[in-house]
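Below: the structure, in structure tokens.
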Amino acid sequence: MSDELLEIVDKDGNPLGIAPRSSIHGNPSLLHKVVHVLVFNAAGELLLQERSLDKDVAPGKWDTSVGGHVSPAEDIVWAARREMEEELGVDAGEMIFMYSYIHSNAYESELVFTHSCVHNGPFSFNRDEINAVRFWTVEEIKNAIGTGVLSDNFEGEFAKYLSCCQTPRSSGP
């Protein structure tokens, strides 16, 4: 399989160049775009995915409902819809843009664009990338923070979500 090409961007999302994923992951000085989708059910619970043990980032950790790289010149909303289909096997339906932020750790730096949607499932998730999916209550997530069960990226995402947003209240598809 060929190495995925990703767009290197500045903090405002302006393109600076293109490099293989293998050059970007492992070099936190190279910022790249990703999309996240927070998938809620009608009860306001948040779907999390348990990442495959084969993943190079946060293997075996519970993580954001949907997340993935944005291809060079790809529209952010299109990327979020594509990732919903690839990871959960569903159409996102109506998505709401929530916020963007930079997540950085010793391994990588990402310019994250987070959307939300309401979907009650069922999900036909990608078993090559995901071990399991399940809905969590906000209280369950709060209790798991700092225990090593959740990815560091999701812990940052969840803090951002709590600081600025409320759970969607509309019913899902």
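Some notes on this structure:
- Residue exposure sequence - Thr114, Thr64 - by fewest surrounding Cβ within 10 Å: Thr114, Thr64
- Helix 152-164 and the longest principal axis of the Cα set of the chain meet at an angle near 60°.
- Loop-located GluC sites (Glu not before Pro) in the range 59-121 (DSSP state not H, G, I, E or B) with no more than 13 neighbouring Cβ atoms inside 10 Å: Glu94.
- Axis angle, to the nearest 10 degrees, between helix 76-88 and the longest C-alpha principal axis of the chain: 60 degrees.
- Options Trp136, Leu88, Ala106, ranked by Cα towards positive dipole end of the chain, top entry (Cβ charges): Trp136
- Computed over neighbours whose Cβ is under 11 Å from that of Ile18, the net charge equals -1, Lys and Arg +1, Asp and Glu -1.
- For the range 1-143, a Kirkwood hydrodynamic radius built from all Cα pairs, placed in the Stokes-Einstein relation at 20 °C and 1.002 mPa s, yields a translational diffusion coefficient of 137 µm²/s.
- Share antiparallel - DSSP beta bridges, the range 5-164, percent rounded to 5: 70
- Mean Cα-pair separation over length for the range 47-173, i.e. relative contact order, pairs under 8 Å, 6 or more apart, %: 31
- Sorting Cys164, Cys117 from the fewest to the most surrounding beta carbons within 10 angstrom yields Cys164, Cys117.
- Ranking of Met98, Met84 by count of other Cβ atoms within 10 Å, fewest first: Met98, Met84
- For Glu140, neighbours were defined as the other residues whose beta-carbon sits under 11 Å from its Cβ, and their charges (Lys and Arg +1, Asp and Glu -1) total 0.
- If only the Cβ of Lys and Arg carry +1 and only the Cβ of Asp and Glu carry -1, the dipole of the range 5-164 around its Cα centre is close to 180 debye.
Values in this text are rule-based calculations from the coordinates and carry no lab data. These numbers were taken from a predicted model, which means no experiment stands behind them. Quick reminder, even Gly has a Cβ in these numbers, built from the backbone with ideal geometry, and neighbours come from all protein chains shown.
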